[in-house]
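Below is one structure, written out as structure tokens; the observations come after it.
The values are calculated or read from the model by the stated rules, or taken from the named source; none is laboratory data. Computed from a prediction, not measured in an experiment: that's the story for all the values here. For neighbour counting, all protein chains shown are included, and Cβ atoms are generated from backbone atoms with ideal geometry for every residue, glycine included.
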Amino acid sequence: MNPDTPIHAARRARVAAQLGEGGIAIVPTAPVQLRNRDADFPYRHDSYFYYLTGFTEPHAWLVLTSDGRSTLFCQPKDLEREIWDGIRLGPEAAPAALGVDEAFSVDELDQRLPKLLENRATVWYPFATHAGLEGRIDGWLQKVRARVRFGALAPEAQRDLCAVLDEMRLVKDAHELDVMRRAARISAAAHVRAMQRSSRMLRAGQEVREYHLEAELLHEFRQHGSQFPAYGSIVAAGANACVLHYRADQAPVRAGELVLIDAACELDGYASDITRTFPADGRFTGPQRALYELVLAAQQAAVDATRPGARFNEPHEATVRVLTQGLLDLGLIDRDQHGGLDDAIARRAYFPFYMHRTSHWLGMDVHDCGSYVEPSEVGQVSERRDPLSGELIKDRPSRILRPGMVLTIEPGLYVRPGDKVPAEFWNLGIRIEDDAVVTDDARFAGCELITRGVPVAPDAIEALMAA
């Protein structure tokens, strides 16, 4: 039995306890995705399914009932297919390996699901996550209704299982945090490796391209056992850093320019997420350092605001306040046009330079599940008019941070050429991102930054790249 099996069994028990009398839950894993012709994309399981099973094979389904019983449907053993695609666990071995009560071939799914649904009160499944799932469940329910003359009862309600699983996944347990810390260490080492290669090659007079630095990231990820990058790696040199979702390509990395790398690995189903911005040749220019230190100060303000009992929005509000004041001081926001700090914030004068939020949840998915609204206060709604778009926005109280929640803290500034923008800041894109575990551990001031294996202070970056 896998040593993590008790963890998944406990999670299944927690879900079962929330299904209500006569409840049944159906959770499929992700489908295989064709890349082109006979080639598939590398397979990655569905996060909800993996959270409850620890099982990574495709073509699998989990069924849970409110009495705590678990049934797995998986690929049957097939020696011929296993020659091509790899060894399958098979339904015979699944109960002992995964701790489920019973397992059957996925080929029996359509035959067995109507019987499992029969005489159940409520069917739960993750809404809007798997194309065609609702139709598949409707087909099974039709078969149940076809038996009403024989005394069969069909579920009268359908509920979104995401509501249950999202709340569970939002607060990480000790096992999850251990995996995430290891993923963060691997990702930090990858950033160090990329930084040092950039300065080393440029000092040697060699041509450097964005893909050279991406290669260092991917090498470090796999070297330490990561299964995948957690997302498409961003390696953006020079003006490319002003494109938020730029992908590593073949643009030259030049001395005197900044490089923004937003890249991290996934390890055992859990993501990390790091961004660093550094001078390609290892030395900041004056304008680069001034803008970088502003972003770093904004990140520190956000870190200071991240603690148990604080609201999710507080780190973003702290970031905006520091960035806006700095933009006023550096002349990127016109005081004559926008006034002082509070007026500039109210008018969102910072938005042309900082257009994204400061944080998102992190976990099995890089943009992890979980509501950003405090559940007990969801009915408290206020309205405001956006000063830029004119759109009417409904605000609800943001989430109260609790120990075990994990979020990113990632302020940035992106300065494109413009008539009123000082030329020395043109084409500078800077983002600094770390992963923060909300904690009441006295060793930390509210949050543990698990990605600081790669430095953020400008002097420390220059020293690292000179090594």
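Residues are listed down the side, and each one gets a yes or a no for (1) of a type outside the set (S, T, N, Q); (2) more than 20 Å from T122 (Cβ to Cβ):
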| residue | (1), (2) |
| --- | --- |
| R14 | yes, no |
| L19 | yes, no |
| T29 | no, yes |
| E57 | yes, yes |
| E80 | yes, yes |
| L89 | yes, yes |
| A94 | yes, yes |
(message) So S382 passes all but one of these: (1) touching a residue at least 40 places away in the same chain (Cβ under 8 Å); (2) touching an Asp or Glu at 6+ places or on another chain (Cβ under 6 Å); (3) not basic (K, R). Which condition number does it fail?
(response) (1)
(request) Select from segment 370-418 the residues that are among the β-branched types (V, I, T), surrounded by fewer than 19 Cβ atoms within 10 Å (Cβ to Cβ) and not in a loop (DSSP other than H, G, I, E, B) and list them in ascending order. (result) V373, I393, I400
(message) Just the residues that are of a type in the set (D, E, K, R) and either assigned to a loop (DSSP other than H, G, I, E, B) or not assigned by TED's automatic domain parsing to the domain that holds R276 (or both), please, taken from segment 215-240.
(response) none
(request) Quick one: D434 ticks every box in (1) outside any strand (DSSP E or B); (2) touching a residue at least 12 places away in the same chain (Cβ under 8 Å) except a single one, so which number is it? (result) (1)
(request) Assess whether Y246 counts as being over 21 Å from W426 (Cα atoms) and in a loop (DSSP other than H, G, I, E, B). (result) no
(message) Just checking, does segment 185-204 include any residue being modelled with pLDDT of 95 or more and part of a loop (DSSP other than H, G, I, E, B)?
(response) yes
(request) Of all residues in segment 366-395, count the ones that are in contact with a Gly (Cβ under 8 Å, 6 or more places away or on another chain) and farther than 15 Å from V406 by Cα. (result) 0
(message) For segment 198-213, give me the residue count where each residue is acidic (D, E) and surrounded by fewer than 22 Cβ atoms within 10 Å (Cβ to Cβ).
(response) 1
(request) Tell me which of these V454 doesn't satisfy, since it passes every other one: (1) more than 27 Å from the chain's Cα centre (by Cα); (2) crowded, with 19+ Cβ neighbours inside 10 Å. (result) (1)
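Within segment 78-91, track down each residue that is touching a strand residue (DSSP E or B) at 6+ places or on another chain (Cβ under 9 Å) and either within 13 Å of P58 (Cα to Cα) or exposed (fewer than 13 other Cβ atoms within 10 Å of the Cβ) (or both). Before you say what the answer is, go through the steps one by one.
Just the residues of segment 78-91 that are touching a strand residue (DSSP E or B) at 6+ places or on another chain (Cβ under 9 Å), to begin with: 88-91.
Matches in segment 78-91: R88, L89, G90.
Considering E391, E383, E374, which residue is of a type in the set (D, E) and closer than 26 Å to D173 by Cα?
The conditions single out E374.
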(message) Which condition from (1) free of Cβ contacts under 8 Å to residues at least 40 places away in the same chain; (2) in contact with an Asp or Glu (Cβ under 6 Å, 6 or more places away or on another chain) is the one that A146 breaks?
(response) (2)
(request) State which residue is surrounded by the fewest Cβ atoms within 10 Å (Cβ to Cβ) when the search covers only segment 214-238 and only residues that are of a type in the set (A, V, I, L, M, F, W, C) and free of Cβ contacts under 8 Å to residues at least 60 places away in the same chain. (result) A215
